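Let me begin by presenting the structure, written as C-alpha cells, before commenting on it.
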Amino acid sequence: MTGLKPKKEAGKWRFSVLGLYIQGVKTALASRMAYRGDFIMSMFIMMIVEFSGPVITMIIYGNGASFPGWDMNEVLLLQGIFLLSRGISFPFFMGIVWNTIGRVQEGTFDLLLIKPRSILLMSIVTAFDSEDLGKLIGGILVLRMALKRLPEQPLSHWISFFILFLFSIILMFGFALFMAGLGIVWIGNYRIYEIFMSVMDFGMYPKSIFSKSFQSILTYIIPVSLLASYPASALLGSVDKDVILALLASIVFLLLGLCFYFKIVRNYTSAGG
Amino acid sequence: MQRAVMKKGNSTPRVSKAVITATYKENFAYRNQMAVSIFVQPIYFLVHYFIWQAIFQTRDQVSGFTFDQMLLYFAVSSLVEFMNWDSSGNKLQRLIQTGQFITFQLRPVSHIYFSFCEKIGQRILAFLVEILPVMCFYILFGIRLIPAKPVWAVISLLLSFVLSFLIRYTIGIFAFWFVKTDGVSRAVLLLTNICSGAFLPLNLYPQGFQKFLFYLPFQFVSYVPVRVFIGHYELAGITMTIPQIVFLQAVMVGVMFLVNRALWYLGIKRFAGVGA
Amino acid sequence: MIHVSDLKKTFTSYERGSSFGEALLSLFIRKKKIIEAVKGISFDIEEGELVGFLGPNGAGKSTTIKILTGILHPTSGTVDIMGFTPWKERKKYVQNIGAVFGQKSQLLWDIPPLDAFYLNQAIYRIPDSEFKKAVNDMVEMLDLKDLVKKPTRQLSLGERMKCEFIMAMLHKPRIVFLDEPTIGLDVIAKGKIRDFILEQNKRGTTFILTTHDLEDVEQLAKRVIVINHGEIVFDNSMDKLKQHLGEKRTVHITAKEKINLENRDGIVVRKQLSDYDIEVVIDLSVVKLNEFIQKINEESEIRDIAIEGPELEQIIMKLYSV
C-alpha cells in the first residue's frame, strides 16, 4: 500500500506544516474569489471599520482634549500597532474561533478529526479569513500615517519594538486558543468572541490612562498592555521595567491556552459532541 | 387586550400575540448567548470610563458635555442599542435568497408585520436577560438613569425602536437585487453605527459632517433618543426643543415606511419578473 | 483486519429542567443520567469485506462508527484496526482510512472539487504522480470528465457525491466508512455510485456501510451487522438475513378461473382484489414453489404471475422493533 507511509521526498515542503497552511490559504482565497465584488466590498469595510478607533482619537484631539502624556500622533502610532497586530492575527489564525464554533455546531468538526494531522493545525488550515486582510491593510495605513508624522526612531527602538510585537501576536494566539476551546464547550455561541473583543479593547489605549489596579491586571494577569501599549512605548523609547513581567505573563497565557484547548479537545473526543 | 381581541373577532392582534410568544420561546434557547452582554457591556463601559476620565482630567467640558453627561450618553446609547437590535434584515435576506419568502406571500399576514412581531418577542427576552442586568450595573456604577422628560423619552425610544426595524428591514430587501449581500449589510451596519451616534456623540464630529448627518435617518435611531433622555438636543449648531425633535423623528418614521414599501413593491415585481 | 471486542461507551448527561426554576436549580444540583450507547459489542471484519452496518436511529450505530474512525474514545473494550488503536494513534491511523458522509460535504461549495482535492493532497501527503493517477482513474470510472473543474455549487447532487468519493479515496485508504452515501440521489446516480463501490471493493478496499437505504444494503453488502439498543442483534451474511424470518415469497396471481387458496398450509392470503386476482405469501419450508404454481395453473389457469423475494424491509423492521 502506497498510502501507508508518508514519503519524505526531496522538495516535498508542500506537505510540511507551512506548505499545508499555504494550500489552505490558497483554497480559502479561491473560495472567496467566487464572489469577487462582495469580497472587495467586505474587505474594504473591514478596513474602514479599523479606522474607527483612530478616528475617535482624532476627533477627541480635534476637540482640544487629550490623553495625559500622549500627543495625538503617539496615540495614533499605538493604535496603528494595535490594528497591525489584529490585522495579522485575524486573517491568519483568529478564524479558528468561528471555524470551531461553526463546525462543532454543524457536526463537521469530526471531519477534521479524521484527517491525519493535528486537530489544531487542521482548524487553522481551514480557517483562513481572507476578508480580514482588510484589517491588515487598515493597520498598515494607520501605522504609516503615524510614523510619517513622528520623528525617526533609532534602530535599537525598532529592535525592541519588533520583539515586543512578536509577543503581541503570541498573546493574540493565546486568546484564539481560549476562544476556540470555549467554542467547543459552549456549543453554538457565536458571541464568545465578543468577550475577547471587549477585553482586547483595553489594549487600544495607553496603559497609563487606566487606574493602578487595572494596570496591574492588564500587565500581569491578562497582559493586554502587550498588544500595543508596550510595543508603542518601545518604539518611542520609554518602556517601563514591568514589561518583563508582562512578557512572562504572555508566555504563561499561551501555555495555559494550549493546555485548555487540548484538554477541551480531549474531552470532546472522550465524551462526544 | 385579550378580551378586546375576542370581542372584535379581529385576527391580527391574535396573530401578533402568537408570533411574539413563539419568538420569545424560540429565543429562550439562546438566552446564554444574550447573557454574554452582562459580561461584555460592563467591560466596554469601563474602557469608555477610563478614556473619558483621562480626557476630563485637563478640562471640564468636551463639546458641551460634562464628564457625568458623557458617561450617561454612553450608558443610555448602549441600552438603546440593545433595545433596538434585530436580525430582521438578515432573515429577510436569507428568505429571499433561498426563495423561501414565497411561503410568506401565501400567508394572510404580511411579512413585515410578522417580522416586526418577531422583533418585539425577541426584545422582550433581551430586556430581561440583557438590558435589566446591564441597567443594574450602570445604576450600581453611579449613573443616574433618569430621563429629563419621561413621557417624551418613552415616545422617542418607541419611535427609534420602529425606525431601527424599518432601516434593517429595508436593507434586507436589497437581496432582491444582489446575490450575496454580506458586504453591503456590513457597510450599512458600520454606517449606521457611525452616523447614529452609537459610536460617539454626533456633535463631536466636524461641523460639515454634522450638517450632513442631520439630514440622514440614522441620528433618529440613537442620537436623538439619547439626547431626549438627557433633555437637550443640539446638532450642527441647530438647537431644537424636545417636542420639535420628537415630531421630526415621527416624520422620519413615516418617510422610512414609505421608502420601505416602495422598495418592497419594486423587489417583488423584479422577483416575479425574473423568477427563481 | 478489524477486531472489536467488548466495546462499551457510556455518556453522562445532566438533566436540565425546562422551567426557569429548574434551570436555576440545576446550577447547584445536577441529576446525573448515564446513557449506555454501546453495551459491549464484538465483531471482526476481514480485509476486502463489504459490510452493511444497520440500526435504527439512536441504536449506537454512529457512536460505534465514531469510535472506529478515531473520533471518539470508548469507555472500555479494545479495537484493533490494521494494528492501530484508532483513538490512541489517531493521526497515523486515519492516514489509512477514508470516509464519505452523505450529509456532511468535504468539498468546498464555491470552488471546483479539483481544488479541494489539492487540499487533501497536502493533508494526506500524497506524491504528485500518485495523486494525478488516482484522480484520473476515478474521474474516468465515475465518468466525470471536466466536471471536477467546475465550481461545486454548479454540480448536481449525484455529481457532487461522486466527487465526495474521489475526495475520500485519493490517499488509497484500505478501509472506507460510508454513511448514507446515496441519500437524496436519483435512481441512475445511485446505480453509478453503487457500481463504483463494488468495483473498488473488488480491487481490495474494505467498506463499512451505514445507511437507512435498504436497497443500498441489498445491492452492496455481503454481510450485515444490525445493532439495536447498543447491542448486536444480527451478524451474518445477506442470505442468512433474508432467511431470518423463514424463507418466504410473495406471489401475485391473476387467473382465468376463480382462485381459492383459503386454509392451506404454508399459504397466507394477503390481499384478495377479486376472485381472479390474489396476493399470497408462501412459506417455502412448507410448500415448494414449483408445485404451488403447477397446482394453481391446473386449478385456475394462470394469466399473469409475479413472484417477489423476501422483503428486507420487513425483516429489518422486525429486528429493529425488538
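The values are calculated or read from the model by the stated rules, or taken from the named source; none is laboratory data. Note that the structure is a prediction, hence the values are computed from the model and not measured. Quick reminder, even Gly has a Cβ in these numbers, built from the backbone with ideal geometry, and neighbours come from all protein chains shown.
Within region A:224-273, track down each residue that is closer than 30 Å to A:T108 by Cβ and polar (S, T, N, Q). Spell out how you get there, then give the answer.
First, pick out the residues of region A:224-273 that are closer than 30 Å to A:T108 by Cβ: A:253-273.
Matches in region A:224-273: A:N267, A:T269, A:S270.
For every residue, the table says whether it meets (1) within 14 Å of another protein chain (Cβ to nearest Cβ); (2) of a type in the set (S, T, Y); (3) crowded, with 20+ Cβ neighbours inside 10 Å.
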| residue | (1), (2), (3) |
| --- | --- |
| A:S213 | yes, yes, no |
| A:Y220 | no, yes, no |
| A:V239 | no, no, yes |
| A:L258 | no, no, no |
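If we keep just the residues of region A:68-79 that are in contact (Cβ under 8 Å) with a residue 60 or more places away in the chain and farther than 16 Å from A:S225 by Cα, which is nearest to the other protein chains (Cβ to nearest Cβ)?
Here the residue is A:P68.
Among what's in region C:93-104 and is surrounded by 17 or more Cβ atoms within 10 Å (Cβ to Cβ) and not in a loop (DSSP other than H, G, I, E, B), pick the residue that is farthest from the other protein chains (Cβ to nearest Cβ). Write out each step before concluding.
Keep residues of region C:93-104 that are surrounded by 17 or more Cβ atoms within 10 Å (Cβ to Cβ), which gives C:93-102.
Next cut, not in a loop (DSSP other than H, G, I, E, B) only: C:93-94, C:97-101.
Values: C:Y93: 8, C:V94: 5, C:I97: 7, C:G98: 8, C:A99: 5, C:V100: 11, C:F101: 7 Å.
Only one residue tops the list, namely C:V100.
State whether the residues of region A:179-199 include one that is away from chain B (no Cβ under 14 Å), buried (at least 23 other Cβ atoms within 10 Å of the Cβ) and out of contact with any Leu (no Cβ under 8 Å at 6 or more places or on another chain).
Yes, region A:179-199 has at least one match.
May I ask you to say which residue of C:D143, C:D137 is over 16 Å from A:K26 (Cβ atoms), more than 8 Å from chain A (Cβ to nearest Cβ) and outside any helix (DSSP H, G or I)?
Numbers: C:D137 fails: outside any helix (DSSP H, G or I).
Of the residues listed, the single one that is over 16 Å from A:K26 (Cβ atoms), more than 8 Å from chain A (Cβ to nearest Cβ) and outside any helix (DSSP H, G or I) is C:D143.
Among the residues of region C:37-92, how many are crowded, with 22+ Cβ neighbours inside 10 Å, more than 12 Å from chain A (Cβ to nearest Cβ) and assigned to a loop (DSSP other than H, G, I, E, B)?
1
Does C:I278 count as closer than 17 Å to C:E308 by Cβ, assigned by TED's automatic domain parsing to the domain that holds C:G309 and either surrounded by fewer than 14 Cβ atoms within 10 Å (Cβ to Cβ) or touching a residue at least 24 places away in the same chain (Cβ under 8 Å) (or both)?
yes
Could you please find all residues in region A:19-44 being assigned to a helix (DSSP H, G or I), within 7 Å of another protein chain (Cβ to nearest Cβ) and modelled with pLDDT under 85?
Once the filter is applied, which keeps residues that are assigned to a helix (DSSP H, G or I), within 7 Å of another protein chain (Cβ to nearest Cβ) and modelled with pLDDT under 85, region A:19-44 yields A:D38, A:M41, A:S42.
Within region A:135-148, identify whether any single residue is within 14 Å of another protein chain (Cβ to nearest Cβ), touching a residue at least 24 places away in the same chain (Cβ under 8 Å) and not hydroxyl-bearing (S, T, Y), and answer yes or no. Before the answer, list the steps.
So in region A:135-148, the residues within 14 Å of another protein chain (Cβ to nearest Cβ) come out as A:135, A:138.
Now restrict to residues that are touching a residue at least 24 places away in the same chain (Cβ under 8 Å): A:135, A:138.
Checking the rest, the ones that are also not hydroxyl-bearing (S, T, Y) come to A:135, A:138.
Yes, region A:135-148 contains a residue that is within 14 Å of another protein chain (Cβ to nearest Cβ), touching a residue at least 24 places away in the same chain (Cβ under 8 Å) and not hydroxyl-bearing (S, T, Y).
Hey, could you check region B:205-226 for residues that are crowded, with 21+ Cβ neighbours inside 10 Å and more than 16 Å from B:L79 (Cβ to Cβ) and say which is nearest to the other protein chains (Cβ to nearest Cβ)? Before you say what the answer is, go through the steps one by one.
Residues of region B:205-226 crowded, with 21+ Cβ neighbours inside 10 Å: B:205, B:218-226.
Now restrict to residues that are more than 16 Å from B:L79 (Cβ to Cβ): B:205, B:218-220.
Working: B:Y205: 6, B:F218: 15, B:Q219: 16, B:F220: 21 Å.
Checking each candidate, the answer is B:Y205.
Can you tell me which residue among C:G266, C:G230 is small (G, A, S), surrounded by 13 or more Cβ atoms within 10 Å (Cβ to Cβ), more than 30 Å from C:Q200 (Cα to Cα) and free of Cβ contacts under 8 Å to residues at least 40 places away in the same chain? Before you say what the answer is, go through the steps one by one.
Values: C:G230 fails: free of Cβ contacts under 8 Å to residues at least 40 places away in the same chain.
Exactly one of C:G266, C:G230 is small (G, A, S), surrounded by 13 or more Cβ atoms within 10 Å (Cβ to Cβ), more than 30 Å from C:Q200 (Cα to Cα) and free of Cβ contacts under 8 Å to residues at least 40 places away in the same chain, namely C:G266.
Among the numbered criteria (1) without any contact (Cβ under 8 Å) to a residue 12 or more places away in the chain; (2) within 16 Å of C:I71 (Cα to Cα), which one does A:L113 miss?
(1)
In region A:177-200, is there at least one residue being touching a Gly at 6+ places or on another chain (Cβ under 8 Å) and farther than 24 Å from A:W98 by Cα?
Within region A:177-200, not a single residue is touching a Gly at 6+ places or on another chain (Cβ under 8 Å) and farther than 24 Å from A:W98 by Cα.
Just checking, does region B:200-214 include any residue being of a type in the set (D, E, K, R) and farther than 25 Å from B:A29 by Cα?
yes
With (1) in a loop (DSSP other than H, G, I, E, B); (2) facing chain A (nearest Cβ under 10 Å); (3) within 21 Å of A:L121 (Cβ to Cβ) as the list, and C:L107 as the residue in question, which single condition is left unmet?
The failed condition is (2).
Could you grab me the full set of residues in region C:244-279 that are within 32 Å of the chain's Cα centre (by Cα) and under 13 Å from C:R303 (Cβ atoms)?
C:H252
Hey, among B:Q97, B:Q93, B:Q61, B:Q57, which residue is surrounded by 16 or more Cβ atoms within 10 Å (Cβ to Cβ) and either in contact with a strand residue (DSSP E or B) (Cβ under 8 Å, 6 or more places away or on another chain) or over 23 Å from B:V162 (Cβ atoms) (or both)?
None of the others qualify; the one that does is B:Q97.
Being among the charged types (D, E, K, R) and assigned to a helix (DSSP H, G or I), is that true of even one residue in region A:227-241?
No - not one qualifying residue is present in region A:227-241.
Quick check on this structure: which one of B:I230, B:I194 is among the β-branched types (V, I, T) and touching a residue at least 60 places away in the same chain (Cβ under 8 Å)?
B:I230 is the lone residue from the list that is among the β-branched types (V, I, T) and touching a residue at least 60 places away in the same chain (Cβ under 8 Å).
Can you find a residue that is of a type in the set (K, R) and in contact (Cβ under 8 Å) with a residue 60 or more places away in the chain anywhere in region C:159-174?
Checking region C:159-174: at least one residue is of a type in the set (K, R) and in contact (Cβ under 8 Å) with a residue 60 or more places away in the chain.
Taking the criterion of being among the hydroxyl-bearing types (S, T, Y) and either at pLDDT below 85 or farther than 30 Å from B:W264 by Cβ (or both), would at least one residue in region B:138-161 satisfy it?
Checked against the condition, which is being among the hydroxyl-bearing types (S, T, Y) and either at pLDDT below 85 or farther than 30 Å from B:W264 by Cβ (or both), region B:138-161 yields at least one hit.
So which residues in region C:168-202 are surrounded by 17 or more Cβ atoms within 10 Å (Cβ to Cβ), assigned to a helix (DSSP H, G or I) and touching a strand residue (DSSP E or B) at 6+ places or on another chain (Cβ under 9 Å), if there are any at all?
Selection gives C:A168, C:M169, C:I197, C:Q200, C:N201.
Pick from region C:177-193 the residues that are in contact with a Phe, Trp or Tyr (Cβ under 9 Å, 6 or more places away or on another chain) and more than 11 Å from chain A (Cβ to nearest Cβ): which of them is farthest from C:L54 (Cα to Cα)?
Filtering region C:177-193 for residues that are in contact with a Phe, Trp or Tyr (Cβ under 9 Å, 6 or more places away or on another chain) and more than 11 Å from chain A (Cβ to nearest Cβ), the one farthest from C:L54 (Cα to Cα) comes out as C:I193.
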